[in-house]
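Chemist: If you scroll down you'll find the structure; I have some questions about it.
The values are calculated or read from the model by the stated rules, or taken from the named source; none is laboratory data. Because the structure is predicted, anything quoted here is derived from the model rather than measured. Cβ placement follows ideal geometry from the backbone for every residue including glycine, while neighbour counts extend to all protein chains displayed. Accessible surface is based on the protein model in full, side chains and every heavy atom, while ligands, DNA and RNA are left aside. Shrake-Rupley method; radii C 1.70, N 1.55, O 1.52, S 1.80 Å.
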Amino acid sequence: MHKNYGKFCWYELMTPDVPAAERFYTSVVGWSTRDSGMEGMDYTLAYSGENQVAGLMSLPAEAGEMPPMWMGYIFTDRIEDTLKDIAANGGAVHRQPQDIPGVGRFAIAADPHGAMFSLFSTEDEGPEQGGMMDPGRVGWHELMAGDLDEAWDFYSKTFGWTKDMAVDMSEGGMGTYQTFGVRGGDMIGGMMTNPPDAPMPPFWGYYFVVEGLDAAGKRVTDGGGQIAMGPMEVPGGAWILNCIDPQGAFFSLVAMHR
């Protein structure tokens with residue numbers, strides 16, 4: 001098994017207005033952007049320093065009613081087998097593997113409750129992963145699950161994820177927040193059951209690392225975005241904000257300082 005199997009390796013924003021999204025995230029997260037240069041495809045790459053972190057693209061016409069959203073890619077070196085596992089474990093395959101010339105292959109899938117993610121496969125090592133809390137990177141991956149136990153069963157079987165710390169949030173009526181790593185590695189994210197009154201169906205959310213949370217929150221609202229929740233302190237001393245960008249895509253920010 002490849003050492004990166006089951007790890008998140010790429011993030012992609014599908015949005016109706018790429019230039020507006022570029023301006024917004026450049027300001028809020030501190031990225032620089034440039035065109036990917038891929039033929040026949042309008043695809044913008046976002047960089048933190050010299051490192052590629054994410055891609056921005058127009059919502060495809062065939063997406064229909066799909067809202068603007070961030071999509072995370074999970075690495076696999078055997079994409080067909082992984083898709084078979086996804087189906088066998090109760091998930092759904094939305095898009096069969098497709099080549100990205102000179103880059104690799106991708107497919108789109110969902111867990112048993114409909115939370116979507118992509119798979120990415122490449123012959124080389126894949127995108128270089130920096131430290132989790134490096135500014136401009138994704139520092140946390142969070143699933144608002146249809147059902148925590150069923151979702152855990154699916155992802156652990158499919159990707160070899162392992163449980164880390166569990167945080168009891170039942171006082172707030174939120175149940176258990178289960179953190180996880182990949183095959184016993186460091187924590188990379190957490191999942192919990194999506195509250196029954198949640199405004200969104202089950203989904204994956206991604207936390208971009210910024211230097212100071214309050215200043216970043218002001219850049220969100222100054223740039224036409226909204227703060228949905230926070231600032232909130234989380235175990236380990238980090239601070240988080242859940243936000244919505246000007247086009248309606250949900251994203252989050254995390255910082256070690258207010």
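Chemist: MET187 is checked against (1) more than 22 Å from TRP10 (Cα to Cα); (2) in a loop (DSSP other than H, G, I, E, B) and fails just one. What number does that condition carry?
Modeler: (1)
Chemist: Could you identify the single residue in ALA87, ALA61, ALA109 that is free of Cβ contacts under 8 Å to residues at least 40 places away in the same chain, open to solvent by less than 40 Å² (accessible area, probe 1.4 Å) and not polar (S, T, N, Q)?
Modeler: None of the others qualify; the one that does is ALA109.
Chemist: With PRO195, PRO201, PRO135 as the choices, which residue is more than 15 Å from the chain's Cα centre (by Cα), part of a loop (DSSP other than H, G, I, E, B), touching a residue at least 12 places away in the same chain (Cβ under 8 Å) and surrounded by 14 or more Cβ atoms within 10 Å (Cβ to Cβ)? Even if it seems obvious, please write down each step before you answer.
Modeler: Values: PRO195 fails: surrounded by 14 or more Cβ atoms within 10 Å (Cβ to Cβ); PRO201 fails: surrounded by 14 or more Cβ atoms within 10 Å (Cβ to Cβ).
Selected residue: PRO135, the only one of PRO195, PRO201, PRO135 that is more than 15 Å from the chain's Cα centre (by Cα), part of a loop (DSSP other than H, G, I, E, B), touching a residue at least 12 places away in the same chain (Cβ under 8 Å) and surrounded by 14 or more Cβ atoms within 10 Å (Cβ to Cβ).
Chemist: If you scan segment 212-227, which residues turn out to be touching a strand residue (DSSP E or B) at 6+ places or on another chain (Cβ under 6 Å) and either surrounded by fewer than 17 Cβ atoms within 10 Å (Cβ to Cβ) or among the aliphatic types (A, V, I, L, M) (or both)?
Modeler: GLY212, LEU213, ALA216, VAL220, GLN226, ILE227, listed by residue number.
Chemist: Only one of (1) more than 29 Å from ASP197 (Cα to Cα); (2) surrounded by fewer than 18 Cβ atoms within 10 Å (Cβ to Cβ); (3) at pLDDT 95 or above; (4) under 17 Å from the mean Cα position of the chain (by Cα) is not met by PHE120, so which one is it?
Modeler: (2)
Chemist: Of the residues PRO246, PRO231, which is in a loop (DSSP other than H, G, I, E, B) and not aliphatic (A, V, I, L, M)? Steps first, please.
Modeler: Working: PRO231 fails: in a loop (DSSP other than H, G, I, E, B).
Of PRO246, PRO231, the one residue that is in a loop (DSSP other than H, G, I, E, B) and not aliphatic (A, V, I, L, M) is PRO246.
Chemist: Check GLY102, GLY72 and return the single one that is loosely packed, with under 14 Cβ neighbours inside 10 Å and among the small types (Gly, Ala, Ser).
Modeler: It is GLY102.
Chemist: Return only the number of the condition from (1) under 21 Å from GLY136 (Cα atoms); (2) part of a loop (DSSP other than H, G, I, E, B); (3) touching a residue at least 60 places away in the same chain (Cβ under 8 Å); (4) out of contact with any helix residue (DSSP H, G or I) (no Cβ under 7 Å at 6 or more places or on another chain) that TYR207 does not satisfy.
Modeler: Going through (1) under 21 Å from GLY136 (Cα atoms); (2) part of a loop (DSSP other than H, G, I, E, B); (3) touching a residue at least 60 places away in the same chain (Cβ under 8 Å); (4) out of contact with any helix residue (DSSP H, G or I) (no Cβ under 7 Å at 6 or more places or on another chain) one by one, TYR207 breaks only (2).
Chemist: Within segment 185-211, how many residues turn out to be under 25 Å from ASP134 (Cβ atoms), modelled with pLDDT under 95 and of a type outside the set (A, V, I, L, M)?
Modeler: 3
Chemist: While we're here: Out of MET14, MET66, I need the residue that is open to solvent by less than 60 Å² (accessible area, probe 1.4 Å) and within 21 Å of GLY104 (Cβ to Cβ). Which one? Write out each step before concluding.
Modeler: Working: MET66 fails: within 21 Å of GLY104 (Cβ to Cβ).
It is MET14.
Chemist: Does any residue of segment 162-169 turn out to be loosely packed, with under 14 Cβ neighbours inside 10 Å, assigned to a strand (DSSP E or B) and of a type in the set (Lys, Arg)?
Modeler: yes
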